[in-house]
Amino acid sequence: MTFSVTFWGVRGSIACSGDAFARYGGNTACVEAQIGGTSFILDAGTGLMPLGRSMTGAEPAACHLLLSHAHWDHIGGFPFFAPCYDPRWRIHVHAGNMSANGGVRQVLMRQMSALYFPVPLSAMAADIRFADFDPGETLILGDGVTVRTAPLNHPGGCTGYRLEWRGKSLAYITDNEVRPGSDDPALAVMQDVDLVLFDAAYTEADEGRKGWSHSTWQDGVRLARVAGAKKLVLIHHDAAHDDAIMDRIEREAQDRWPHASAARESANIVL
C-alpha cells in the first residue's frame, strides 16, 4: 500500500511536440497519485489520454478526477479518457469553482457538444459521478484520503489541492499568480507537505508576464521554503521552454534550493 505520484502531462497553456521537447514531454496538465490502490488524477489535460491507455489493461475499479479549473489545457483530455467509455469503471469527477457555470457536469458536457467534439458526454458508458464543492472545503475520498482545498489566484477561479494519507502528503498548485508581498492562499495547503507540485510557467527574467496568472520557479522555491515543504517539483512548463531551457531552469532552481526539480513526463515519485 503506497503513495506514489506519476507525471502524465507537465505543460501549460497548449501541448507541444518535437525533438526539442522529448525529455520533459509535451502533454498538458495531468498528474496521477496512486494512493492505497486507488487512482487520484489531478487535472485532465492531454496527458489524461496516455494515462487512460495505461489503465485499459488494469482491473476496472473506481478513480477520482480532481479538476483545478476548466481552461482547455486542464480539461482537453477528458473526452479521450478510455475508462470513461468502459461500463465497468466508476469515475468520480470533482471541481471547486464551476458552480457559477452550471457545475462541472455542464462544463464538461458543453466541451463535448457537437460544435466542439463529435462524441457527446452521453456516449460515455462508465458510471461517472460529478460533484461540485467550494474551494476551501475538505473532502474525504477513497480509502480514507483527506483532500484539503484552497482558492488560487487565476481568472475564473482555480483550486489548489492537498492529498493526505497515512502521514504522507502531496500539494498540487497550478495556475496561480503569486502576489508580491502577500500571504499566498496556496500556503494553506503547502504547510509541511512532503511534496509540492508548483506552477512555474515563467521566470523572473520573462518580461510582460505580470498579470498573466501564473508563477515563476522563484515563487515556487520561496513558498516551498516558507511552507516547510520537503520537496518541490516544478510543473506547468511554458510551451516555448524546450529541453535546454528546462535544464537551465532546473539547474538554477536547484542552486537556489537543492530539494527542487522540474517535472518530466512518465517520471514517478514514491512518498
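The values are calculated or read from the model by the stated rules, or taken from the named source; none is laboratory data. Just so you know, these numbers come straight off a predicted model, no measurement behind them. Because the Cβ atoms are built from the backbone with ideal geometry, glycine has one as well, and the counts that use them run over all protein chains shown. With ligands, DNA and RNA removed, areas are computed over all heavy atoms of the protein, side chains included. Shrake-Rupley method; radii C 1.70, N 1.55, O 1.52, S 1.80 Å.
Using only protein heavy atoms and a 1.4 Å probe, report how much of PHE80 is accessible, in Å² to the nearest 10.
Result for PHE80: roughly 100 Å² accessible.
Would you calculate, for the chain, the mean residue ellipticity at 222 nm contributed by helices, counting each DSSP H stretch of 4 or more residues as -39,500 (n - 2.57) and dividing by all residues, to the nearest 500?
Working: 6 runs with 49 residues, N = 271.
Taken over the chain, the calculation gives -5000 deg cm²/dmol.
Of (i) 19.2, 60; (ii) 17.6, 55; (iii) 17.4, 50, which one was derived for Rg and Dmax of the Cα atoms in Å from the structure shown?
(iii)
At 0.36 nm per residue, minus the direct Cα-Cα distance, what do ARG23 and ALA100 gain on full extension? Give it in nm, one decimal, please.
Details: separation 77, 0.36 × 77 = 27.72 nm, distance 3.91 nm.
Full-extension gain reported as 23.8 nm.
At most 14 other Cβ atoms within 10 Å plus a DSSP loop assignment makes a site exposed; report the longest stretch of the chain without any exposed trypsin sites (Lys or Arg not before Pro).
Working: sites that count: ARG23, ARG88, ARG166, LYS210, LYS230.
Longest stretch, sites excluded: 89-165.
Whats the longest run of the chain with zero GluC sites (Glu not before Pro) that are DSSP loop and have at most 15 other Cβ atoms within 10 Å?
Working: sites that count: GLU137, GLU204, GLU207.
That gives 1-136 as the longest site-free run.
For the chain, with all protein chains present and a 1.4 Å probe, just round the carbon and sulfur fraction of the accessible area to a whole percent.
It is 51 percent, rounded to a whole number.
Given 0.36 nm per residue, what is the gain on full extension from SER266 to TYR116 after removing their alpha carbon distance, in nm?
Working: separation 150, 0.36 × 150 = 54.00 nm, distance 2.92 nm.
Full extension of this stretch gives 51.1 nm more.
Give me the extension gain from ALA123 to GLU204: residue separation times 0.36 nm, minus the current Cα-Cα distance, reported in nm with one decimal. Don't skip to the end; give the middle numbers.
Values: separation 81, 0.36 × 81 = 29.16 nm, distance 4.53 nm.
Result for the pair: 24.6 nm of gain on full extension.
So, taking all protein chains as they sit and a 1.4 Å probe, how much accessible area belongs to ASP255, in Å² rounded to tens?
130 Å²
Quick one: accessible surface of TYR85, probe radius 1.4 Å, all protein chains present, in square angstrom to the nearest 10.
Roughly 80 Å² of TYR85 is accessible to a 1.4 Å probe.
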